[in-house]
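The values are calculated or read from the model by the stated rules, or taken from the named source; none is laboratory data. Note that the structure is predicted; figures quoted are calculated from it, not measured. Virtual Cβ from ideal backbone geometry, glycine too; neighbours counted across all protein chains shown. Each accessible area value is taken on the protein alone, full model and side chains, heavy atoms only, with ligands, DNA and RNA left out. Shrake-Rupley method; radii C 1.70, N 1.55, O 1.52, S 1.80 Å.
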Amino acid sequence: MKSNSDFLQKHLKFKPDEVSLKPLKAQVGGHVYMKILNDQYVCKPLNERELQFYQNIPKNLADHVPAFQGTLVENEDSSGNRGASSSNGPIREETSSSRGSSREYLVLENLTKDYKKPCVLDLKMGTRMYGDFATDSKRKSQRKKSTKSTSAKLGVRFCGSQRFSVSNNSFEMFDKYVGRNADETELRKLLEQFFTHGCSLRKDVINNVLGEICRMKKSLLDLEEYRFYSSSILIIYEGLLKEEKSDSQHFSDAENSMDCENFKMEAFGSGSLESTKYRKDEVSSCTVTMKMIDFANISFPSVDSEQFRHEGPDRGFLMGLDNLYEILESMLEEGDCTS
């Protein structure tokens, strides 16, 4: 059986008129702007360090990150005509006045592909937001952001969201700047709002997320020397409930996650997780996706291992998972939100 990479290697050799790259307007965080390839894959501007990570993903982390599908080069000649080619390895950029320009992308699975009305939450994890090679000015600015937000104290910060509003029949969005100024109380309110559908707290979704946090923490505890600086976790659940799906003609197809042009985009511890609140047999059948994303500043053994060496697992990221778990657990204990 051929792998996903083999499939993409074969089918990304498109003629210019066979490539459809559209802006990913459903993007809720980050500062690099991504695209959708043929309504199936997410194309993210290529970063060499992030590419090396995806090419060397440890086995116990594979289920916690988007599936890597290869790389893509978008070529544009001097007349503005475009074409594309793919590879399973890094592709070097070629730019000249005669050939025009090239843009390189990582090609990843589209995590929202199977959702009708994807509710998406981006949470920046860890207490440190700069990589090992950051300049002094970058380190200073990132430390300031961490101190002013919940990153320094909790190891988790709100970095953007979109939630499908049943009453308004549209997506409500918050950008990353909301999280930069949010304290612990405001972070909790943002989480409550994201996990509220209609007038009720989506306890089924939260309980699934608690399970995902437990599984992710277990994997990260066994991961020595990795540091996920400035990485996020992406949480996705279906905003269209079952009873609404049966009457889905009332919801515009223009707001489907694949029709990217129709999204309105705004400027955008070590504690134990062993809790009596989460039980495996209580997890409902609702679909929830939770993945780690954004690895441009990652540090791992096969990269610069002689120059920068970190001992043990990433405690900053783990602290963020612990605190996120505690916040979500307390939301379950208090019952439905009043908002």
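Annotations for the structure displayed:
- Qualifying positions in region 323-339 - open to solvent by 30 Å² or more (accessible area, probe 1.4 Å) and at pLDDT below 85: Asp336, Thr338, Ser339
- Members of region 46-60 that are in contact with an Asp or Glu (Cβ under 7 Å, 6 or more places away or on another chain) and not in a helix (DSSP H, G or I): Leu46
- Every residue from region 191-200 that is open to solvent by 10 Å² or more (accessible area, probe 1.4 Å) and either in a strand (DSSP E or B) or among the polar types (S, T, N, Q) (or both): Gln193, His197, Ser200
- The residues of region 277-322 include none that are open to solvent by less than 60 Å² (accessible area, probe 1.4 Å), in a helix (DSSP H, G or I) and modelled with pLDDT under 75.
- None of Val156, Val205 is touching a strand residue (DSSP E or B) at 6+ places or on another chain (Cβ under 6 Å) and under 29 Å from Phe308 (Cα atoms) except Val156.
- Residue in region 101-120 that is surrounded by the fewest Cβ atoms within 10 Å (Cβ to Cβ), counting only those that are under 15 Å from the mean Cα position of the chain (by Cα) and closer than 14 Å to Leu72 by Cα: Glu109
- Residues that are over 18 Å from Gly160 (Cβ atoms) and modelled with pLDDT of 85 or more within region 25-39 comprise just one, Leu37.
Yes/no per residue for (1) modelled with pLDDT of 95 or more; (2) surrounded by fewer than 18 Cβ atoms within 10 Å (Cβ to Cβ); (3) within 27 Å of Tyr237 (Cα to Cα):
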| site | (1), (2), (3) |
| --- | --- |
| Arg99 | no, yes, no |
| Asp122 | yes, no, yes |
| Lys138 | no, yes, no |
| Ser165 | no, yes, yes |
| Glu172 | no, yes, yes |
| Tyr177 | no, yes, yes |
| Val205 | yes, no, yes |
